[in-house]
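Worksheet: one structure, shown below.
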Amino acid sequence: MSRLERLVNLTAALLNAERPITAEQLRSRVPGYPEDKASFRRQFERDKEALRELGFPLITLAEPAGSLVRYSVDRDRYYLRDPGLTPDELSALSMAAEVVRLNGLGDRRLYDALWKLEGTSAPAGQPAGAPADSTDASMSPMPSLDAELPADASLAAVFDAIATNRAVQFSYRDETRSVVPRSLSFENGRWYLAAFDLDRRDERSFRIDRIHGEVIVAAHADAVDIPPAPPRASPSRSPWELGSGEPVEAFVMIDAAHAPWAERHVGSATVQERHADGAVTVRLVVRNSDAFRSFVLGFLDGAEVLRPAALRADLLSWLQQKAAASGGTRS
């Protein structure tokens, strides 16, 4: 049995236990441990350390006399609170996770967060939500990806704070800042955090790469009296407009369910036709075909590239390659 299988089984046993469980009880429920008691203890200690390094919230509970130790899981930390995403939104997260790598994040916390939301399928041979250790050759790698974005440990902590609605504290320009994160955005090769500054009582924007030291995430999602988030301003240029390629006029029809959001995002001036059923056809100037493809796929089956034929064929070819690589099915 591979180390991955044993760690997956150990995780499942801890999550399925109705009450804190002893090491011996885990030994009887998790296959793959050695029969020798001393060998088991050494292996079990290594597995506990591996889970903790992966961010698994393992709790150790000792009896008053210290003679018996039991193990449990902090479920509030393990499971993300349901943010109310629709099936289409979860599918969009899945697509994003499979085509984008956040370069520099070896701890995989952002990818694992999507697993917890059930927004993506796991890599081949690896159950969703299972712990992963990139240093173990027996474990499956992350899926093949098509784009890389820069990232660092600060980004993972901020993402976690946004997902769990918690405040953060960090050092920025030699000052300690306490903020409630609003959103993350990626523009011109850099990550930005939009947040409400609790000390200044105002909205602020921070460049993630200028955060110094550790980002401290509040232990609990305490209620904080802050105003609603202001409307987000659209960037001056969209990602598909940024590039060195020759500009191409693309016409995309977006269905009625997504049309209002699309119009707000790309601007009313791009709307070329309004259809009787509420759908719209927009005109976009494309220099970066990869960014354009990502934009269209964000609507799943709610958008169709009408023309030019070359961009439409590029999108269909990419989808066919992905379907072939995954065996034509999704879990």
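Listed values, structure above:
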item: Pairs, first open to solvent by 60 Å² or more (accessible area, probe 1.4 Å) in region 302-331, second of a type in the set (S, T, N, Q) and at pLDDT 85 or above, C-beta under 8 Å, six or more apart; result: Leu306/Thr281
item: Any pair with Cβ under 8 angstrom, 6 or more apart, that starts in region 56-82 at a residue that is in a loop (DSSP other than H, G, I, E, B) and ends at one that is of a type in the set (S, T, N, Q) and at pLDDT 80 or above; result: Phe56/Thr11; Leu68/Thr22
item: Out of Arg42, Arg27, Arg46, Arg6, sole residue that is touching an Asp or Glu at 6+ places or on another chain (Cβ under 8 Å) and in a helix (DSSP H, G or I); result: Arg6
item: Long-range neighbours under 6 Å by Cβ, at least six apart or interchain, first residue farther than 17 Å from Leu58 by Cα within region 16-43, second among the hydroxyl-bearing types (Ser, Thr, Tyr) and part of a loop (DSSP other than H, G, I, E, B); result: Phe40/Tyr33
item: Residue check for Arg70: at pLDDT 85 or above and open to solvent by 50 Å² or more (accessible area, probe 1.4 Å); result: yes
item: Residues of region 185-230 that turn out to be open to solvent by less than 60 Å² (accessible area, probe 1.4 Å), assigned to a strand (DSSP E or B) and either modelled with pLDDT under 80 or acidic (Asp, Glu) (or both), as a count; result: 3
item: Close pairs from region 259-270: first within 15 Å of Phe299 (Cβ to Cβ), partner basic (Lys, Arg), Cβ under 6 Å, at least 6 apart; result: Thr270/Arg283
item: Enumeration of residues in region 246-261 that are in a strand (DSSP E or B) and either within 9 Å of Val280 (Cβ to Cβ) or hydrophobic (A, V, I, L, M, F, W, C) (or both); result: Val248, Ala250, Phe251, Val252, Met253, Ile254
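The values are calculated or read from the model by the stated rules, or taken from the named source; none is laboratory data. Keep in mind that what you see is a predicted model, and the values were worked out from it rather than measured. So basically every Cβ, Gly included, is an ideal-geometry build from the backbone, and we count neighbours across all protein chains shown. Note: accessible area is taken over every heavy atom of the protein model, side chains too, but ligands, DNA and RNA are not part of it. Shrake-Rupley method; radii C 1.70, N 1.55, O 1.52, S 1.80 Å.
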